[in-house]
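Here is the structure we will look at, set down as C-alpha cells.
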Amino acid sequence: MSRLPYTASSLRLTLSSQYLRAFFAETQTDIDSQQRLLERAGIAHDTVHAINGRITEGQFSALYRAMAAERNDEMLSLFPRSMPGGAMKYAGYIMIAAPTIAVAFYRYTRFLHMLTNDFEVVVRREGDIGRLYIVEPDGPRLCKTLGLELMLKVFHGLMSWLIGRNIPLESVDFAFDAPPYLDDLNALFPGPLRFNQPQCAIRFDAALLDLKFQRTEHELRTFLLHQPSDWLCSPDAKQPITHQVRTCLLEGDMGSLGAAEVAKALNMSLRTLSRRLENEQTSVKEIKETLRRDLAIHRLTQTTDAIAEIASDLGFRDIASFYRAFRSWTGVAPGSYRRSLQSDGSTTAPAA
C-alpha cells in the first residue's frame with residue numbers, strides 16, 4: 001500500500017454516539033426533533049443508537065447550528081437563560097479589536113455577565129499559570145454539565161483561533177464526576193482532565209495572555225459561519241508520542257507496519273515506545289485501529305472514492321472485512337453512512 005495523502009492533523013475530530021445521546025438528553029431534545037435534526041445534519045439515525053457510533057466534527061457542527069437556529073439560543077438550553085442568536089457575533093467583534101488575549105477575554109467575560117448571572121467566567125494570573133474558571137452561584141447547579149464543558153471549550157477554542165495555533169493546557173478541571181463519554185472529552189481538550197474539582201477551569205501558560213493577535217472582520221465572519229467547528233480544534237499537542245505514531249503510520253505502509261517497525265522509524269526501542277504509549281494510555285494497535293477508523297470516515301465523507309478502494313488502501317484483505325470493521329466503529333455500514341450525508345446534500349460521493 002502506498003503512502004496515504006494525509007497528515008495526522010488533517011484528519012478531523014469525531015465524536016461518539018454516547019456523546020451525541022448525552023447531548024440530546026442535556027438539551028432536552030425530543031425524539032421527533034432528533035429525527036428531523038439528524039436528517040438535516042446528515043447523520044444516520046442508527047448511528048445515534050449504536051454502541052460504537054461515530055459522527056464527524058462537521059456533522060456535529062451542522063447539528064449544533066440547526067438547533068441554535070431553531071431555538072434562537074447559541075448555547076442550546078444548556079444554561080437557564082438563553083444566549084440569543086448573534087451573541088457570539090457581537091462578542092467576536094469586541095474581542096478582535098482587543099490589543100491582547102487578556103483584554104479580549106476580559107471583554108468577553110463582561111459581555112457574558114451582561115447576558116446572564118447564572119454563572120460568571122473569571123480569568124486570573126496565578127504566577128506563571130493563567131487560569132480561566134467558571135463561578136457558579138451557591139445552591140443546586142443551574143447549568144447543565146455538558147454546557148459547562150462546552151463553555152470551557154469555547155474559551156479554549158477562541159484563544160487558539162485568535163492566536164492561530166492549538167493551545168496546550170496544563171489541566172482541565174470539572175466540578176463533577178467523569179461522564180460516560182470521557183473519551184470524547186479527552187479528544188476535545190489538549191490537557192490532563194481532573195474531576196470533582198472545586199470549579200470548572202482551564203489552566204495554561206500565563207504568557208499567552210500577553211500575546212498580541214491580528215484577526216480581520218472577514219476571518220471572524222468565516223469563523224462564525226463554521227462554528228462550532230473552529231472552536232472544536234483537534235488537540236494533537238496532548239499526546240505527542242501518539243501523534244508521532246499516527247504520523248509514522250500515515251507516512252508508511254499502515255497495513256504492514258507493526259510496533260517494532262514503528263519504534264525503529266521513531267529511533268527508539270520497542271520497550272521505550274511501549275512504555276511511553278502506556279503513559280498516554282494507548283498502544284500501536286489501538287492507534288492503528290483508531291487511525292483506520294478516522295481515515296475511513298474522512299474518505300467516505302470528503303471524497304468520491306469507491307468503498308472497495310478505501311478498504312484496499314486501509315489494508316483490509318477484502319471488502320467484507322472492511323464492512324465488519326466499519327460497523328464495529330460506527331454502528332452502520334459504510335454505504336449507509338455515506339448515503340446519510342448525500343441525503344443532506346453535504347457530499348457528492350457515490351453510495352458504493
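Points worth noting:
For (1) part of a helix (DSSP H, G or I); (2) at pLDDT 90 or above, each residue gets a yes or a no:
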| site | (1), (2) |
| --- | --- |
| 34 | yes, yes |
| 51 | no, no |
| 73 | no, yes |
| 83 | no, no |
| 88 | yes, no |
| 94 | yes, yes |
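So that you can scan it fast, the table gives a plain yes or no per residue for (1) in contact with a Ser or Thr (Cβ under 8 Å, 6 or more places away or on another chain); (2) open to solvent by less than 50 Å² (accessible area, probe 1.4 Å); (3) in a helix (DSSP H, G or I):
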site	(1), (2), (3)
154	no, yes, yes
204	no, yes, no
215	no, no, no
221	no, no, yes
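- A Cβ distance below 8 Å, combined with a sequence gap of six or more or placement on separate chains, defines the contacts here; from segment 166-193, residues that are under 22 Å from residue 54 (Cα atoms) and touching a residue at least 40 places away in the same chain (Cβ under 8 Å) reach residues that are open to solvent by 20 Å² or more (accessible area, probe 1.4 Å) and of a type in the set (Ser, Thr, Tyr) in the pairs 179/145; 187/234.
- Scanning segment 287-330 for residues that are among the aromatic types (Phe, Trp, Tyr) and crowded, with 20+ Cβ neighbours inside 10 Å yields 316, 322, 326, 329.
- Residues that are at pLDDT below 90, farther than 20 Å from residue 181 by Cα and not charged (D, E, K, R) occur at least once in segment 11-29.
Okay, residues lined up against (1) modelled with pLDDT under 90; (2) touching a strand residue (DSSP E or B) at 6+ places or on another chain (Cβ under 9 Å); (3) open to solvent by 20 Å² or more (accessible area, probe 1.4 Å); (4) more than 23 Å from residue 106 (Cβ to Cβ):
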| position | (1), (2), (3), (4) |
| --- | --- |
| 144 | no, no, yes, yes |
| 150 | no, no, no, no |
| 170 | no, yes, yes, no |
| 184 | no, yes, no, yes |
| 200 | no, yes, no, no |
| 207 | no, yes, yes, no |
| 211 | no, no, yes, no |
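- Residues that are under 16 Å from residue 336 (Cα atoms), of a type in the set (Ser, Thr, Tyr) and out of contact with any Gly (no Cβ under 8 Å at 6 or more places or on another chain) within segment 290-326 comprise 303, 304, 323, listed in sequence order.
The values are calculated or read from the model by the stated rules, or taken from the named source; none is laboratory data. What you see is a predicted model, and the numbers here were worked out from it, not measured in a lab. Using ideal geometry, Cβ is built from the backbone for each residue, glycine included, and neighbour counts are taken over all protein chains shown. The accessibility values were calculated without ligands, DNA or RNA, using every heavy atom of the protein model including side chains. Shrake-Rupley method; radii C 1.70, N 1.55, O 1.52, S 1.80 Å.
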